[in-house]
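See structure below.
The values are calculated or read from the model by the stated rules, or taken from the named source; none is laboratory data. Keep in mind that this is a model prediction, so the values were computed, not measured. In this analysis, Cβ positions are derived from the backbone assuming ideal geometry, glycine residues included, and neighbour counts consider all displayed protein chains. The area values use the complete protein model at the heavy-atom level, side chains included, leaving out ligands, DNA and RNA. Shrake-Rupley method; radii C 1.70, N 1.55, O 1.52, S 1.80 Å.
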Amino acid sequence: MLDSFSVLIVFCLYMGVLFLTALWVEQRSEEGKSPVDNSLVYSLSLAVYCTAWTYYGSVGKAATSGLLFLPIYLGPTIAITLWWIVLRKLVRIKTIHHITSIADFISARYDKSLAVGALATLIALIGTMPYIALQFKAILTTFAIITSEKGAPPSWISLHLGPVVVGLMVVFTLVLGVRRLDPTERHPGLIMAVAVECLVKLVAFLAAGVFVTYFMFDGFADILRQVSSNLPAQIMTMWKEDQVWSVTWMTYLVLSMSAIMFLPRQFHVSVVENFNEKHIPTALWLFPAYMLLINIFVFPIAMGGILKGYSPLEADTFVLGLPLHAGQQWLSLLVFIGGASAATGMIMISSITVSTMITNHFLLPLMGWIPGLAFLRRRLLHCRWAAVALVILIGYWFEREVGESYMLVNIGMISFAAAFQFAPAILGGIFWRRGNKAGALMGLSAGFAIWFYTSLLPAFVRSGWIAYNFLDEGLWGLTFLRPEQLFGVLAIGSLSQTVFWSLIFNTGLYVLGSLLFKQSASEENLAEDFVGALTTGPALSRSLHRESYIDLAVKAKIILELFGQFFAEEEARSMTQKCLREARLEAKDRISIVELAQLHSEVERLLAGSVGAATAHRMLAQSDLFTEHEARDLSEVYAEILAGLKVTPDDLKRRIDYHQEREALLAQHASELEVKVRERTRDLEVAQEELIKRERLSVLGQLTAVVSHELRNPLGVISFSAYYLTRNVKEQDEKVRKHLNRIGEQVGHCDLIIDELLEYTRGPQSSLVRGEINHWLERVLDQITIPQGISVKRKLAAELPPVKFDGETLRRVVINLIENAFQAVQARSAKEGSGSYRPLIRVSTSMEGSAIHIGLEDNGIGMAPEHASRAFEPLFTTRPRGTGLGLAVVKKIVNEHRGQVSLSSRPNHGTTVTVSLKVER
Amino acid sequence: MKRIRVLFSRHEFHVLVFCLSLVLFSWPLVSSSDFDRINAMFVYLFVCWTVVVFLQFLISRVLTPRSPSQPTDESE
């Protein structure tokens, strides 16, 4: 025997190592490098299915019923073959709907029904409690065995171990399982601890099996040979007593096929804790292989114990007892640790999942109904802690009260039968669209009632809580209501009839209720989501996608107003219709959020074709096409899609950064293009105006040339006739001479007008030649006759660089400007008299930057600002006899020199005209 | 080889293996009438179990992506 204190220390140390491992995993997970995101860990954690019942109880079952322990593991092996179809769907639905437990799953599928959730929680709670009790029983019993001499009273530590184990379990579960409220309900640290425990229990059991098979006997063959020849007759007789062996075998097979998926802890580990559905393929073979290994020595150990003379009724302890009685203390300690691992893993996972169900499906609805409990909403985490502690304590209490009355394996099968009640609702929910809330409620209620009446009540009776005659006489003395022979079924055994009747009533009422009652619209959407979870991926499985709640007429009006800002009403209407047609929404009154997003896209695309992508995007963002509520719905849809993509946060951030950067670049590019388009448009408009002007001038020029030609001939005749008359009329009186002179002057004025018209309307004729501007300007000024009384001063800058100009046309510019200046100073002189006024004209040249400036400044009459601004317009003049073409011709010629001309003037102060010519180096 | 891979990835094949396993481990193949043949039954069950696990291993290999970018399976 081992010292109880030493065993306790080793047990506590082992739990401490698990605790530290779990904390390390939690830390790594927070850093985004979760070691649990691993198919090996996932597969090992599934072995929480193999509890202390497997570890110790299977050997007991093998001793008392032969190979009847095997279907408990063969059933899961068979069911797991379909995991790629079933489990993957459950995992995907869990991811989309953030499922936290098996009750949550059933509730979510059936219209998020509180009643369904509460009923499922009740079944899970009642079905799990005996199981937790079973684990405590295993730990306490085996501790007593390993630390006490046979027949001797248990040690003090052994008697008080229960509270220690309960305390350890509560602390461990609280710290690793419900330290915080996690919306994903994933507990990486705890799962790693469970995976390690599963590995330890496998190693320990194999070690015990190898010892018994190869050290106590000569291997499998030896044990099997001795069984054939030496197995005690009473054992064979005991096995043959089970007259319904094949029915029981099939019952176990069916129950275990359901239990591997629908036991609350199995659902939690395989579905809720699943990191990635890609872990499922590994679990598909690794977990069955695990079960094969852990069972391969069960029969040899059981037979070995019997062959060694131990009673089959003690076979539950053979795994531990055989090495212990053979003096293998360290091996016994390892086996004890393995058994404790099997028990503690189950207690922790079950208490977490049941406490989650209790708080979510019992407590939270109660808080809604009872206003006095509303304060607990802010203390949900504390409620969860209390629930965990309560579940573990009730499990321990149950073990103390009824644990002695039943063999371990029977308690386990009661839990299996409870989990079996979930099967129709879950499988129907994911494969049958018409399954509805009414059917689920009816089926679950009937199944729960049958299970309670045929399995749980007999357990109470056998524990002495209810009169034993209840089993024989039935409810109200009606024999056909006897719990273990319900409706007179005698031949198939208690558990088998529980399965049989609950299968009929549960499934039958589920189908009947679903057919009798109609689904609500929201339930139809949920059914579609659940059944079609694998069809096209999570992106299209959201109910919001198909829920048509948006009034299309309202949206069409907004779009019409949007287009109306840019287009005429008729065109805007046509474009709105086009968008609706492209989005295939013409015939609809109401649309879904996804259809609205498609319509938005069409509008933006069409608008972008007219006003550019950036403006279209901005205009749509400013419009009311998406209300706040609709934008939120759309966000939810995208969130579902992103969740379905299953990318890591880093990946998602990288992708978003990439797309944001790309969008920013595109927007910038679009903006630059817009600016360029505006510039080009402006240039084109200027060019078009110039072209039109040129065309007009060309036509005008041709017309002018023709008219001028036609006018010059008669004018020439008139001029010649006037000259002839002046020379040959003998008696010229003063009056005749005056009229003849006037004819001559008017003909000269007409010639001047024709010259200026021809000059203005002719095509570009300047022929630019590089030359010295000062020298040329001096010569031009010297040729001009300066009227008397006007002073012309020259201020020409020295060393000006040569510049390209046409001397002849530019001469015309200078003459025009200087004649204007003469007229201006003469007008002022006439106005002010010749007193203090000194008419002055300054002609200057200068160099500024890369241009040469020719300035003509006078101190004449000046111009009003409104006249100065129009001075270069053709045919604009303020003089009674002016043509209005002088300065227009100046501007035209300067433009031909690719230069600029500017004018500044102040009334009664003078005018300055500057001609700038670029120096081309 | 590709044909085998496609076969093992089909959901119908998984259902077939499921049915085969169910038959292998069900009455009447697992008979209780002759307890004298318990050893033969023990060997039969574990051999069949190993075969089923091996089939599951082959299915798993087909479903496991060979590279991170490779899809694991076609949708339903």
Completion exercise
Dipole check, the protein assembly as shown, charges on Cβ (K,R +1; D,E -1), about Cα centroid: among A:LEU580, A:CYS50, A:LEU715 the Cα furthest to the positive pole belongs to A:LEU715
Completion exercise
Measuring from the longest principal axis of the C-alpha atoms of chain A, the long axis of helix A:886-896 (C-alpha) lies at a number of degrees, nearest 10, equal to 50 degrees
Handout entry: Against the rule of thumb 2.2 N^0.38 Å, how large the Cα Rg of segment A:31-102 comes out
Key = 1.46
Problem - Solvent-accessible surface (1.4 angstrom probe) belonging to A:HIS669, in square angstrom, nearest 10 - result: 100 Å²
Practice task
Could you list which residues have their amide H under 5 Å from that of A:ARG590, counting only those 5 or more apart in sequence or on another chain, with H placed in the peptide plane?
Solution key: A:LEU552
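Between their Cα atoms, which of A:LYS94/B:LYS2; A:LYS278/B:LYS2; A:LYS89/A:LYS278; A:LYS693/A:LYS804; A:LYS112/A:LYS518; A:LYS555/A:LYS578 are more than 24 Å away from each other?
Working: A:LYS94/B:LYS2 33 Å; A:LYS278/B:LYS2 21 Å; A:LYS89/A:LYS278 12 Å; A:LYS693/A:LYS804 26 Å; A:LYS112/A:LYS518 16 Å; A:LYS555/A:LYS578 14 Å.
Distance filter (> 24 Å) returns A:LYS94/B:LYS2; A:LYS693/A:LYS804.
Let's see if you can work this out: charge +1 on each Lys and Arg Cβ, -1 on each Asp and Glu Cβ, no other charges. What is the dipole magnitude of the protein assembly as shown about its Cα centre, in debye to the nearest 20? Numbers along the way, then the final one.
Working: 92 positive and 90 negative charges, 433 e Å.
My answer is approximately 2080 debye.
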Handout entry: Degrees between helix A:161-177 axis and first principal axis of chain A (Cα, 0 to 90, nearest 10)
Key = 10 degrees
Problem - 3J(HN,Hα) from dihedral phi, segment A:123-140, Karplus parametrisation 6.51/-1.76/1.60, rounded to Hz, x for glycine, proline - result: 4, 5, 5, 5, x, 8, 4, x, 5, 5, 4, 4, 5, 4, 4, 5, 5, 5
Handout entry: Volume per residue that the Cα convex hull of segment A:437-517 spans, once the total is divided by residue count, Å³
Key = 88 Å³
Practice task
Would you compute the Debye intensity of chain A from its alpha-carbon atoms alone, equal scatterers and no solvent, and pass along log10 I(q)/I(0) at q = 0.06, 0.08, 0.10 Å⁻¹ to two decimals?
Solution key: -0.61, -0.85, -1.14
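Only Cα pairs under 8 Å and at least 6 apart count here; give the relative contact order of chain A as a rounded whole percent. Display every interim value, and only then the final one.
Values: 1278 pairs, mean separation 113.0, N = 921.
In percent, rounded to a whole number, it is 12.
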Exercise for the section: Rounded to the nearest Å, what's the spacing between the alpha carbon centres of segment A:250-267 and segment A:39-98? Just the number, please. Expected result: 7 Å
Problem - Whole-Hz ³J(HN,Hα) from phi, Karplus 6.51 cos²θ - 1.76 cosθ + 1.60, for segment A:347-352, glycine and proline x - result: 4, 5, 5, 5, 5, 5
Completion exercise
Shape descriptors of segment A:763-921 over alpha-carbon atoms, Rg and Dmax in angstrom, are 15.5, 49
Exercise for the section: Using only protein heavy atoms and a 1.4 Å probe, report how much of A:HIS325 is accessible, in Å² to the nearest 10. Expected result: 100 Å²
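So what is the relative contact order of segment A:713-849, in percent, for Cα pairs below 8 Å that sit 6 or more residues apart? Walk me through the numbers before you get to the answer.
Values: 95 pairs, mean separation 35.7, N = 137.
Once divided by the residue count of segment A:713-849, the mean separation gives 26 percent.
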Completion exercise
Any residue on another chain or 5+ positions along whose placed amide H is under 5 Å from the amide H of A:ILE841 is listed here as A:SER791, A:VAL792, A:LYS793
Problem - In Å, descending, principal axis extents of the Cα set of segment A:672-761 - result: 83, 21, 12
Practice task
Calculate for chain A the 222 nm mean residue ellipticity that helices alone would give, adding -39,500 (n - 2.57) per DSSP H run of length 4 or more and normalising by residue count, nearest 500 deg cm²/dmol.
Solution key: -21500 deg cm²/dmol
Problem - Between helix A:86-97 and chain A: long-axis angle, C-alpha atoms, 0 to 90°, nearest 10 - result: 50 degrees
Problem - Principal axis dimensions, segment A:62-170 - Cα atoms, whole angstrom, descending - result: 58, 35, 21
